[in-house]
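Asker: The structure follows.
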Amino acid sequence: MVNGKIFVIGDIHGCADKLRLLLERLPFDAARDTLVCLGDYLDRGPDVKGVLDQLCRLRTEGVRLKALMGNHEYLLLEYHRSKDAVLLPYLRRLGMEKTLESYGDANLSQLGALAFMPREHRDFLASLLPCWETEAYIFVHAGLRFGQPPSEQDISDLCEVRDPFLSDERDYGKRIIFGHTPFVTPLVTANKIGIDTGAVYGNLLTAVELPSLRFYHVA
């Protein structure tokens with residue numbers, strides 16, 4: 001049972017300054033409210049380390065934080081687990097070099113062990129949730145396959161699916177709040193709300209307050 005409001009933040013991708021400004025803008029009551037982050041903290045943006053520093057600090061301060069896993073974290077953790085060199089080209093296409101740069105020009109040889117990250121950041125990544133549910137909502141990075149409970153879905157789908165989820169107008173039982181697919185402005189339909197608004201591409205970092213459906217943005 002969630003008693004307070006829920007504030008949900010879309011894909012951050014190393015935009016630490018935008019995250020800081022957005023957190024300052026939210027009317028968040030740490031004693032009652034819950035903060036949900038939909039994943040993709042890593043890659044492409046200029047300050048991944050700064051993003052993880054902020055999120056770890058929120059946890060240390062006792063904020064009720066539900067941090068989900070995005071496809072960028074999923075692939076990095078898969079490489080960390082398997083050390084499979086086949087994954088390296090995919091990581092590079094996702095912008096992993098920007099993550100390494102934010103930790104003082106770490107290099108790819110340190111990637112498998114995540115040796116460039118402080119323990120606190122490695123523990124944060126290991127703690128990420130595949131999804132989170134309340135009585136009214138399902139929170140997930142990318143989306144769902146219809147007809148399966150979230151707990152039974154493949155983690156790669158939760159982190160990476162686009163179609164047919166994006167075009168599916170069926171009732172999933174609860175409204176789905178998701179990121180992963182960037183929109184110029186939030187997508188709001190009867191069964192889903194998409195709040196990745198492309199912060200790392202020069203657009204907005206977006207949060208939504210639930211259940212009021214009030215949006216907050218930082219340019």
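What follows is calculated from the coordinates using simple rules that are stated; it is not laboratory data. Since this is a predicted model, take the numbers as computed values, not measurements. Backbone-built Cβ (ideal geometry, glycine too); neighbour counts: all protein chains shown.
Asker: Could you give each residue of region 134-146 its phi-based ³J(HN,Hα) in whole Hz, using Karplus coefficients 6.51, -1.76, 1.60 with θ = phi - 60°, and x for Gly or Pro?
Answerer: 10, 4, 10, 9, 10, 9, 8, 5, 10, x, 9, 8, 5
Asker: For region 12-87, which GluC sites (Glu not before Pro) pass both filters: DSSP loop (anything but H, G, I, E, B) and at most 10 other C-beta atoms within 10 Å?
Answerer: 61
Asker: So if I take the centroid of the Cα atoms in region 106-138 and the same for region 10-80, what is the distance between those two points in Å?
Answerer: The two parts, judged by their Cα centres, are 10 Å apart.
Asker: Give 49/192; 66/174; 66/98; 18/98 a once-over and call out the pairs whose C-alpha atoms are over 23 Å from each other.
Answerer: 49/192; 66/98
Asker: Along the Cα→Cβ direction, 7 angstrom out, place labels at residue 174 and residue 61. What is the inter-label distance in nm?
Answerer: Simple spin-label model gives 2.7 nm for this pair.
Asker: May I pose another question? Treat each spin label as a single point 7 Å out from the Cα along the C-beta direction, and report the residue 163 to residue 92 distance in nm.
Answerer: 3.0
Asker: At a 10 angstrom cut-off on C-beta neighbours, averaged per residue, how do the peptides 9-17, 84-92 rank from highest to lowest?
Answerer: Per-residue mean Cβ counts within 10 Å order the peptides as 9-17, 84-92.
Asker: Here is a further query. Give the value in nm², to one decimal: projected area of the alpha carbon convex hull of the chain, averaged over all directions.
Answerer: Convex hull of Cα atoms, orientation-averaged projection: 11.4 nm².
Asker: Further, regarding this structure: All other residues with a Cβ under 12 Å from the Cβ of residue 103 taken together, and with Lys, Arg as +1 and Asp, Glu as -1, what is their net charge?
Answerer: Taking every other residue near residue 103 into account, the sum is -2.
Asker: With label points built 7 Å along Cα→Cβ from the Cα atoms of residue 145 and residue 26, find their separation and express it in nm.
Answerer: Reported label-point gap for residue 145 and residue 26 is 3.1 nm.
Asker: Okay, next question. Check each of the GluC sites (Glu not before Pro) in region 88-177 and keep only those in coil by DSSP with at most 11 other C-beta atoms within 10 angstrom; list them in order.
Answerer: 135, 169
Asker: Between residue 129 and residues 5 or more places away or on another chain, which pairs have amide H atoms under 5 Å apart, with H built 1.01 Å from N, and which residues are they?
Answerer: 67, 68, 69
Asker: Let me have the 222 nm mean residue ellipticity of the chain computed from DSSP H runs of 4+ only, each contributing -39500 (n - 2.57), with the sum over all residues rounded to the nearest 500.
Answerer: That comes out to -8000 deg cm²/dmol.
Asker: Any chance you could list the semi-axes, whole Å, largest first, of the equivalent ellipsoid that the Cα gyration tensor gives for region 157-219, using √(5λ)?
Answerer: Largest first, region 157-219 gives 20, 15, 9 Å.
Asker: Something else now. Counting pairs of Cα atoms in region 110-207, how many percent are more than 19 Å apart?
Answerer: 49
Asker: For region 132-219, what relative contact order do you get, as a whole percent, if you take Cα pairs closer than 8 Å and at least 6 residues apart?
Answerer: Worked out over region 132-219, it gives 21 percent.
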